[in-house]
Amino acid sequence: MKLPKKVTKKRTNQAGHLLQQLATMPAKLFQGAFRQQYGAVCFRYVGSGDEIEILVITTRESRRWVIPKGWPMKKKKPYRAAAIEAWQEAGVRGRTRKKPIGRYTYLKWLDDGDVAPCIVDLFQIEVQSVSTDFKERRERVLAWVSPDEAARRVREIELKSILVEFKPQGAREGGLKTSRKPED
């Protein structure tokens, strides 16, 4: 008796696949301008000392670890767009610094299957409230981790460097609040 062949879905290595695609069309990286995005390095203090934790979240589809980020928004300053992304993607609000603390680059898969090189300007957010009721709560996993662990989890080399060396800028704010309802 012959057993039927087991049919398995072949797992694709998205990063490897991306590099293979780009190798066949290197002009993609050099045509046009990089696309701009804004990201949030969300952090909180642990106890009364200087130790901090950084928030990392999973992407909606590939489930890899990233920080909250998104595209520019009409009539919103970059730091406000980063704060809005942090709220929508992770349910956190806090004091956002108006000047970027750094930037990194990465290649983004677009919905049409194309690839776009992106520059992400990063804004520091000292988290003051956390909600369990936010737009993408069922689509992402959130984790508060040490800067070293945050750097270990993300894929982008430049972002790893920023996270592992991250030191909050400015004076420390008050305590952290948790809530179930969004704040306006």
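Points to keep in mind about this one:
- When 134, 123 are screened for being over 14 Å from the mean Cα position of the chain (by Cα) and touching a residue at least 24 places away in the same chain (Cβ under 8 Å), only 134 passes.
- When each of 60, 80 is tested for being of a type in the set (D, E, K, R), assigned to a helix (DSSP H, G or I) and surrounded by fewer than 17 Cβ atoms within 10 Å (Cβ to Cβ), the lone residue that passes is 80.
- Exactly one residue out of 161, 131 is open to solvent by 40 Å² or more (accessible area, probe 1.4 Å), in contact with a Phe, Trp or Tyr (Cβ under 9 Å, 6 or more places away or on another chain), at pLDDT 90 or above and among the small types (Gly, Ala, Ser): that is 161.
- Count - residues of region 144-163 that are hydrophobic (A, V, I, L, M, F, W, C) and more than 13 Å from residue 41 (Cα to Cα): 1
- So residue 71, is it within 16 Å of residue 157 (Cα to Cα) and either free of Cβ contacts under 8 Å to residues at least 60 places away in the same chain or open to solvent by 50 Å² or more (accessible area, probe 1.4 Å) (or both): no
- Region 140-154 - residue that is touching a strand residue (DSSP E or B) at 6+ places or on another chain (Cβ under 9 Å) and surrounded by fewer than 16 Cβ atoms within 10 Å (Cβ to Cβ) and, of those, modelled with the lowest pLDDT: 141
- Cβ separations smaller than 8 Å between residues 6+ apart or across chains give the following pairs from region 157-173 residues that are in a helix (DSSP H, G or I) to residues that are at pLDDT below 95 and open to solvent by 50 Å² or more (accessible area, probe 1.4 Å): 158/105.
The values are calculated or read from the model by the stated rules, or taken from the named source; none is laboratory data. Because the structure is a prediction, the values reported are computed rather than measured. Every residue, glycine as well, gets a Cβ built from its backbone with ideal geometry; the counts of neighbours run over all protein chains shown. Areas reflect the complete protein model, heavy atoms only, side chains present, ligands, DNA and RNA absent. Shrake-Rupley method; radii C 1.70, N 1.55, O 1.52, S 1.80 Å.
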